[in-house]
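> One structure, as structure tokens, below. Some questions next.
The values are calculated or read from the model by the stated rules, or taken from the named source; none is laboratory data. Just so you know, these numbers come straight off a predicted model, no measurement behind them. A quick note on method: Cβ atoms are made from the backbone with ideal geometry, for glycine too, and the neighbour counts reach across all protein chains shown. Accessible surface areas use protein heavy atoms only, side chains included; no ligands, DNA or RNA. Shrake-Rupley method; radii C 1.70, N 1.55, O 1.52, S 1.80 Å.
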Amino acid sequence: MENEKAVNKGIFEAEVLSNQQIRQCYYRLNLQFDAKGSRLFENVAPGQFSELDLSNVSLPETSMIPIHLRDTSAKQILLRRPFSFSDIVVSPLTEGCCVKAEILYCVLGPATVRMMSLKCDDRISVLGPLGKGFMVPDGLKQAILVAGGMGSPPVLHLANHLKQHHPDCEVIAFVGAKSIESFPFTVRIGNAKNLVLEEFERIGIPSHIATDDGSAGYHGFVTDNVRHWLENNPVDPASSAVFACGPEPMLAGTARVAKDFNLPCQVSMERMMACGIGLCQSCAVEVKKNSDTEYQLCCKNGPVFNAEDVVFEEE
Amino acid sequence: MEQNSNLKVDFAGLTLASPVITASGTCGYADELAEFMDVSRLGAITTKSISLEPRKGNPTPRIVETNSGMLNAIGLANMGLQRFQDEIIPVLQSLDTKIFVNLAGKTIDEYVKVAQTLAHSDAIDGFELNISCPNVKKGGITFGTDPKLIKEITSAVKDVCLSKPLMVKLTPTVTDISMTAAAAVEAGADALSLVNTFTAMVIDVQKRKPVLANRTGGLSGPAIKPIAVYLVNKVYNEVARDAGIPILGMGGIRTVSDALEFIIAGATAVGIGTATFVYPDTTKNIIDGLATYCKNEGISNITELIGCLE
């Protein structure tokens, strides 16, 4: 039977270009997609993600494994692991393998421990592109990006995308983390307590930092920082939007702030998932429907949802 | 379309293009899978469980990975019979493969109502009776562990299946699986599928709580394969062979040799589940591999291998 539905995702190979430690447990992995992957990712939207098969990647030397992960990292990997991107670069002049992708990851379990040992020329199986990404509405004049900790990569991807494809749109980024040590970015210390996130600075996007412990920037949650800024900098709800990714309580907080200022808000959700393509039904997100709620799938209906639809799990 | 004549099998009166079937709950409604493979090469697709009323399913986390396996506690999330008829049957109708609908319910009456309604649909070729789901409070495994209840539910559903074959899916979480298998066969089952997942638990040692919101889940994946092969062989020897009832064998199949083990142990067809989550084209690779194995071994039809264990 000929499959009439347009094929928009697939399994392909990626070659590791580089795998560098940014700081502590944060790493940057740069991949070159093969011809099939490049075709599939040519028009990928920021916020769409992929599933990597890391089951054949070997553990690094024991001395390289963070002490607190040595016990659990011995566990074998069976399932793929979902990763969003911090950037996807398409080189229009290159034929075939024209897509390069960047993944920021944090070493926190048996799969990401294995990723530490990926080196130049290694090949891994990628499944993607998956899910629905951020949707940039027509006529968007101002984008307010809100990122928390390891939720930051797809927000950076969106920032890169907006700079390239929507040059008239003013972009401002709010980035929060537990402390000065826990930003998954290249951080430069500027004036007293002032952090500069080079990834945003490079593309001319001002970033406002918040830390839970006050070790850098605004002392408090990133959501409170966004609220203060909006109180002092009125924006036009008709041509502005909020885009957020991070821990669920942060997304819930961002959704509240956006609602208070009548701003449309898209949030990128995270769930434990196996397949990434809607088969296993494990990544349920509770969504409002009429007067009731239903479960939708983070991998297929998301990971980006309209914030007002989501019933957030707040602890 | 590429078909392998050496893989054609008869399964409870249905002619399958190959002995490879997608396991319930691991292939959606096949539309997702069609992006990765030609579904006409599959022997059949087993839909996820359909119940009379829609079911939201369990809260998250619904899955957790284990060594060489995973636990799931989805909770039979599904859209219910009405939407299944309206939205999914037209999709299934367009697929060039056999379709088994997996039936779930809280009461015998609910199972019967779903089967009775769907028995009239041309898009559906057979049923799989799910009396072995470990992740719901009512129905599921409570039916599957009691031979008396198995007989009752099997014969009640069989009565309304019209000419469509009824396959009963067995849980491995019993003392003697041959007793539950025999009960299903005595009550009129046309085929047996085994095994469903093993009830299991993973604990978060920091929180000292189970990882899954449902506390327990069903263990699947390569970790269970040797046990599943043993149970298929046991049911084949003790029940199915003499009764002339085919077995759909499953549990952790990921490779061609895994599938062959089940067939040699006594399965007429094999179900692929968890492996599809990692490589959605697993079934295609297994079908290709089985055809190559038959060719290399001089086997004219794969049915020659069923239960050939020495």
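> Provide A:ARG256, A:ARG28, A:ARG39 ordered by accessible surface of protein heavy atoms (probe 1.4 Å), highest first.
Sorted by accessible area, descending: A:ARG39, A:ARG256, A:ARG28.
> Please name which of B:VAL20, B:VAL160, B:GLY307 has its Cα lying farthest along the dipole of chain B towards the positive end, using unit charges on Cβ (Lys, Arg +1; Asp, Glu -1) and the Cα centre as origin.
Farthest towards the positive pole: B:VAL160.
> Also, quick follow-up: If the reach is capped at under 12 angstrom between alpha carbons, list the aspartates and glutamates near A:LYS9, excluding any in the same chain fewer than eight residues apart.
In chain and number order, the partners are A:GLU42, A:GLU51, B:GLU32, B:GLU35.
> Choose one of B:VAL174, B:SER132, B:MET250: the residue whose Cα lies farthest towards the positive end of the charge dipole of the protein assembly as shown (beta-carbon charges +1 Lys, Arg; -1 Asp, Glu; about the Cα centre).
Result: B:VAL174, furthest along the dipole toward the positive end.
> In the structure shown, do any of A:LYS36/A:LYS100; B:LYS8/B:LYS295; B:LYS48/B:LYS106; A:LYS300/B:LYS209; A:LYS178/A:LYS259 have a Cα-Cα gap over 20 Å, and if so which?
A:LYS300/B:LYS209; A:LYS178/A:LYS259
> Please report, in debye to the nearest 20, how large the charge dipole of the protein assembly as shown is about its Cα centre when each Lys and Arg carries +1 at its beta carbon and each Asp and Glu carries -1 there.
Approximately 1040 debye in magnitude.
> Which residue, B:ILE63, B:ILE247, B:ILE203, has the most motion in a Gaussian network model of chain B that connects Cα atoms within less than 10 Å?
Maximum fluctuation in the GNM of chain B, among the listed residues, is at B:ILE203.
> Here is a further query. Principal axis extents for the protein assembly as shown, Cα atoms only, whole Å, descending order, please.
Taking max minus min along each principal axis of the Cα atoms, the protein assembly as shown gives 83, 54, 48 Å.
> Tell me the mean residue ellipticity at 222 nm calculated for chain B from its helices only (DSSP H runs of n ≥ 4, each -39500 (n - 2.57), averaged over every residue, nearest 500).
Helices in chain B give a 222 nm mean residue ellipticity of -8000 deg cm²/dmol.
> Follow-up question, since we're still on this one. How much of the DSSP beta bridge set in chain A is antiparallel, as a percent to the nearest 5?
Here the share of antiparallel DSSP bridges comes out near 65 percent.
> Further, regarding this structure: Tell me which aspartates and glutamates have Cα within less than 16 Å of A:LYS119's Cα, excluding those fewer than 8 residues away on the same chain?
Partners found: A:GLU13, A:GLU15, A:ASP53, A:GLU61, A:GLU102.
> Next question, about the same structure. Per residue of chain A, what 222 nm ellipticity follows from adding -39500 (n - 2.57) for every DSSP H run with n ≥ 4, rounded to the nearest 500?
-5000 deg cm²/dmol
> Turning to a different aspect of this structure: Only Lys, Arg, Asp and Glu count, each charged at its Cβ (+1, +1, -1, -1), so figure out the dipole size of the stretch A:10-130 about its Cα centre, rounded to 20 debye.
340
> Here's another thing I want to ask about it. Just going by the charge dipole of the stretch A:10-130, with Lys and Arg at +1 and Asp and Glu at -1 on Cβ, which of A:GLY109, A:VAL57, A:PHE85 is farthest out on the positive end?
Comparing the listed Cα positions along the dipole, A:GLY109 ranks first.
> A further question follows. Under the rule that an exposed site lies in a DSSP loop and has at most 16 other Cβ atoms within 10 Å, name the longest stretch of chain B with no trypsin sites (Lys or Arg not before Pro) of that kind, not counting the sites themselves.
The answer is B:216-310.
> Among the aspartates and glutamates, which fall within straight-line cross-link reach of A:LYS141, defined as a Cα-Cα distance under 14 Å, with same-chain neighbours fewer than 8 residues apart omitted?
Within the straight-line limit of under 14 Å, A:LYS141 reaches these aspartates and glutamates: A:ASP168, A:GLU170, A:ASP236.
> What number comes out for the charge environment of A:GLU15, summing +1 per Lys or Arg and -1 per Asp or Glu over other residues with Cβ under 9 Å away?
Value of the local net charge: -3.
> If you place +1 on the Cβ of every Lys and Arg and -1 on the Cβ of every Asp and Glu, how big does the dipole about the Cα centre of chain B come out, in debye to the nearest 20?
1180
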